[in-house]
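A.B. asks: Following this message is one structure expressed as structure tokens.
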Amino acid sequence: MSERKATIDDVARAAGVARVTVSRVLNNEQNVRPQTREKVRQAVEALGYSVNQQARALASGAGRTILLIHSHDLEREPNSYYHSGLELGALRACSALGYDLVTRAVDPDREDRNHLLSSIIERERPAGIVLPPPLSDDVDLLLAMKKAGVRVAAVSAGEQGRAVVSSAGIDERAGGHALGTYLTSLGHRRIGFIKGPEDHLAASLRYDGFLDALAEAGIKAEPWTASGDFTFKSGVEAAEHLLRERKGITALACANDDMAAGAMLALHRAGAAIPKDISVTGFDDTPMSEIVWPPLTTIRQPIKDIAERAVHMLIERALDDAACYEALPHELIIRESTAAPAQHSEA
């Protein structure tokens, strides 16, 4: 294994100061106490940290904008928190590093999507770009941007995307596996799953991990499935479809919290008691998961931290550095929307 280069975060930890303080020292800014400045310089020397010269040129004023591009049709409802969580995390990093954050949205289904992206980049001339999925999984797009000298960091990219540009995310497959393992440990055997969009590789990995857990529990039958687009509305529609088919399912896992909340509404309307009649789980642990009734069992994904880390990758790594991937920790959050199944027979 090659030796990992020290990062600005390593310097901050070694010096016992905030990342923004390290940035101020490296850029020779004022308002830093001499003792603190010396601590930072000693940490830099001890770790062999070298300042990314391209990033320093950008920080000097050549380019001070980070562009976050959402993949979203502006005529449809957004994911209630995922987009804003990404923006908050990216803004936190930009504020610490002295950059401005600009967000744009591009419809992933537009035929001229790549041309529109090129126009946005030409107009904004950003110091770097953060791409969430599914744009982060468009390998042709990533390669074209890299060839053009555009600095890109990805959020939750699949394996192919990670091989092209640096990316931050969680182990999506492990997250799905944790949900499946938990539901089967409660005794559920008739289980459904509301998937995300087909082109969203992170959502696909969640489902793959879920299937792994079912297989480990000896469940051979494929779960009932429906697909949504991560919106509340699609969760309602998927659950209504499930209810029409009357499959006798005792647990319904969803690829994100918004669809889980929509599914819960449809189940409530139909008179199904959660979790007595059917358990429901989500994914992300957005603020909604704590205020729906009953509160939602889900996987906590540190959305803000992921976006913050992606911005730091843009600034800290040179354009010709090899792509790296950082997996942040996820956590199973158990709440009142899940319980052991009651005796249930298909109507």
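A.B. asks: Would you please name the GluC sites (Glu not before Pro) within segment 238-347 that are DSSP coil residues with at most 15 other C-beta atoms within 10 Å of their C-beta?
C.D. replies: On the way: sites: 240, 245, 290, 308, 316, 326, 331, 336, 346; in loops: 336, 346.
Hits after loop and neighbour filter: 336, 346.
A.B. asks: Give a quick list of GluC sites (Glu not before Pro) in segment 100-143 that DSSP marks as loop, anything other than H, G, I, E or B, with at most 16 other Cβ atoms within 10 Å.
C.D. replies: Details: sites: 111, 122, 124; in loops: 111.
In loop regions of segment 100-143 (DSSP not H, G, I, E or B), the sparsely surrounded GluC sites (Glu not before Pro) are 111.
A.B. asks: Pull up the DSSP beta bridges for the chain and report the antiparallel fraction as a percent, rounded to 5. Don't jump to the answer; show the numbers that get you there.
C.D. replies: Values: 3 of 35 bridges.
Counting only bridges with both partners in the chain, antiparallel ones make up about 10 percent.
A.B. asks: Helix-only estimate, please: 222 nm mean residue ellipticity of the chain, summing -39500 (n - 2.57) across DSSP H runs of length 4 or more and dividing by its residues, to the nearest 500.
C.D. replies: On the way: 14 runs with 151 residues, N = 347.
Value at 222 nm, helices only, nearest 500: -13000 deg cm²/dmol.
A.B. asks: Please give the length that would be gained between residue 84 and residue 246 if that part of the chain were fully extended, namely 0.36 nm times their separation in residues minus their C-alpha to C-alpha distance (nm, one decimal). If you can, show how the numbers build up before the last one.
C.D. replies: Details: separation 162, 0.36 × 162 = 58.32 nm, distance 3.63 nm.
Full-extension gain reported as 54.7 nm.
A.B. asks: Can you pull the Kirkwood radius for the chain, inverse mean 1/r over Cα pairs, to one decimal in Å?
C.D. replies: Numbers: mean 1/r = 0.0463 Å⁻¹.
After inverting the pairwise mean of 1/r, the radius is 21.6 Å.
A.B. asks: Pull out the extension gain between residue 220 and residue 140, defined as 0.36 nm times the separation in residues minus the alpha carbon to alpha carbon distance; nm, one decimal.
C.D. replies: On the way: separation 80, 0.36 × 80 = 28.80 nm, distance 3.70 nm.
Computed gain between residue 220 and residue 140 is 25.1 nm.
A.B. asks: Let me ask something else about it. Could you tell me how far the Cα centroid of segment 93-119 sits from the Cα centroid of segment 181-255, in Å?
C.D. replies: 32 Å
A.B. asks: Still on this structure: To the nearest 20 debye, what is the magnitude of the charge dipole of the chain about its Cα centre, counting +1 on the Cβ of each Lys and Arg and -1 on the Cβ of each Asp and Glu? Can you show the working numbers first?
C.D. replies: Working: 39 positive and 48 negative charges, 199 e Å.
Charge dipole, the chain, about its Cα centre: 960 debye, nearest 20.
A.B. asks: Tell me which GluC sites (Glu not before Pro) from segment 167-231 have a DSSP coil assignment and no more than 11 other beta carbons within 10 Å of their own.
C.D. replies: Values: sites: 172, 198, 216; in loops: 198.
Those that pass, being in a loop and sparsely packed, are 198.
Read the figures in this text as sums done on the coordinates, not as results from a lab. Keep in mind that what you see is a predicted model, and the values were worked out from it rather than measured. Every residue, glycine as well, gets a Cβ built from its backbone with ideal geometry; the counts of neighbours run over all protein chains shown.
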